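This report refers to the structure that appears directly beneath it.
The values are calculated or read from the model by the stated rules, or taken from the named source; none is laboratory data. From a predicted model like this one, the values you see are computed outputs, not experimental measurements. As a convention, Cβ positions derive from the backbone with ideal geometry for all residues, glycine included, and neighbour counts pool all protein chains shown.
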Amino acid sequence: MSIWTPLAQFVDRVSGKRLSNAVEVVRTLFAGDPELRRRVSFSIAMIALSAKMAKADGVVTQDEVRAFQQIFAVPESETHNVARLYDLAKQDTAGYELYAERIAGLCGSGEKNCLMLEDILDGLFHIAKADGVVHEREVKFLRRVAEIFEIGPQHFDSILARHVDLGDADPYRVLGIARDVPFEELRRHYRRLVAENHPDKLIARGVPPEFVAIANARVAAINAAYEMIERRRRAR
C-alpha cells in the first residue's frame, strides 16, 4: 500500500485537533499493523518537523512544502494532504521539542524505530538545504532535535558533514572515523556503512519507499568521502 492513503486517513482524523497528539492517534489508528505505523510515523515526523523547522528559521512560506514535494516525489493527487499536515504543524502552538520528544517516544525498544530517528534527521537536512545552503538557525534546530533523539555530537557532526559541499567538508567526518586509521580498517568501515545504509535496509526499518532519496543521497555522500580519502592516500 502507498503511504499516501494511510497518511490521508491520519490527516482526516486529526483535522481540527492539535497535531502534537499525533503519536497517540497513530498508535490507535494503526494499532494492528506495526510496519504501517512506522511508515506513517516517519512520514508525519518528516512533514511536521520540517514545518516547525521553517517556523524556527523565521521563514514560513509554501516554498518549504514545495521543497518537500520535490525531494520526496509526492504525487500531485496527494499534495493537498501534505500541505494540510504541514499547515496543522505550522499552526500548532506546541513547540518543536515536544514534537521531537513524542516522535522519539515511538522508538521503544525496537532497533528499527531507533535507527529510523537518524533517517528522520537526515530527511530534515534534505529539506533544510533545499535552497542550496543549510542556515545557522536550521543547524541549531537540527542539533537540538538530534539531542532529543539521543544522537550524540560526534554522530551529528558526521550527519552534518554529509550535507555540505565535500570541497569544504572533512571526508573523515563524513565517515565518522579517525584520520589516522589504517586503510584496511577504513575500507571495512566504509563497506559496513554502505551495507547499513542501503535503501532496502531503510525500507525494512520503516522508511516508506517514497522516501528512498534519503538513502540514495546518504550512500552517495559516503561513497564520495571514501573516494576522496582513497585518492589522497594513493597520492602520498
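Which pairs do you get when a residue that is in contact (Cβ under 8 Å) with a residue 12 or more places away in the chain, found in the stretch 213-236, comes within reach of a residue that is surrounded by 17 or more Cβ atoms within 10 Å (Cβ to Cβ) and hydroxyl-bearing (Ser, Thr, Tyr), reach meaning Cβ atoms under 8 angstrom, with the pair 6+ apart or on two chains?
If the second residue must be surrounded by 17 or more Cβ atoms within 10 Å (Cβ to Cβ) and hydroxyl-bearing (Ser, Thr, Tyr), the pairs left are Ile222/Tyr190; Ala225/Tyr172; Tyr226/Tyr190; Ile229/Tyr172.
So, of the residues in the stretch 12-34 that are of a type in the set (S, T, N, Q) and modelled with pLDDT under 80, which turns out to be nearest to Val82 (Cα to Cα)? Let's see the steps before the verdict.
Narrowing the stretch 12-34 to residues of a type in the set (S, T, N, Q): 15, 20-21, 28.
Applying the additional criterion that residues be modelled with pLDDT under 80 yields 15, 20-21.
Numbers: Ser15: 12, Ser20: 16, Asn21: 18 Å.
Per the stated criteria, the residue is Ser15.
Return yes or no: is Gly58 surrounded by fewer than 16 Cβ atoms within 10 Å (Cβ to Cβ), within 22 Å of Val14 (Cα to Cα) and at pLDDT below 80?
Working: surrounded by fewer than 16 Cβ atoms within 10 Å (Cβ to Cβ): yes; within 22 Å of Val14 (Cα to Cα): no; at pLDDT below 80: yes.
The answer is no for Gly58.
Criterion first (of a type outside the set (S, T, N, Q), surrounded by 14 or more Cβ atoms within 10 Å (Cβ to Cβ), in a helix (DSSP H, G or I) and in contact (Cβ under 8 Å) with a residue 40 or more places away in the chain) does Ile203 satisfy it? Spell out the reasoning first.
Details: of a type outside the set (S, T, N, Q): yes; surrounded by 14 or more Cβ atoms within 10 Å (Cβ to Cβ): yes; in a helix (DSSP H, G or I): yes; in contact (Cβ under 8 Å) with a residue 40 or more places away in the chain: no.
Criteria not met by Ile203.
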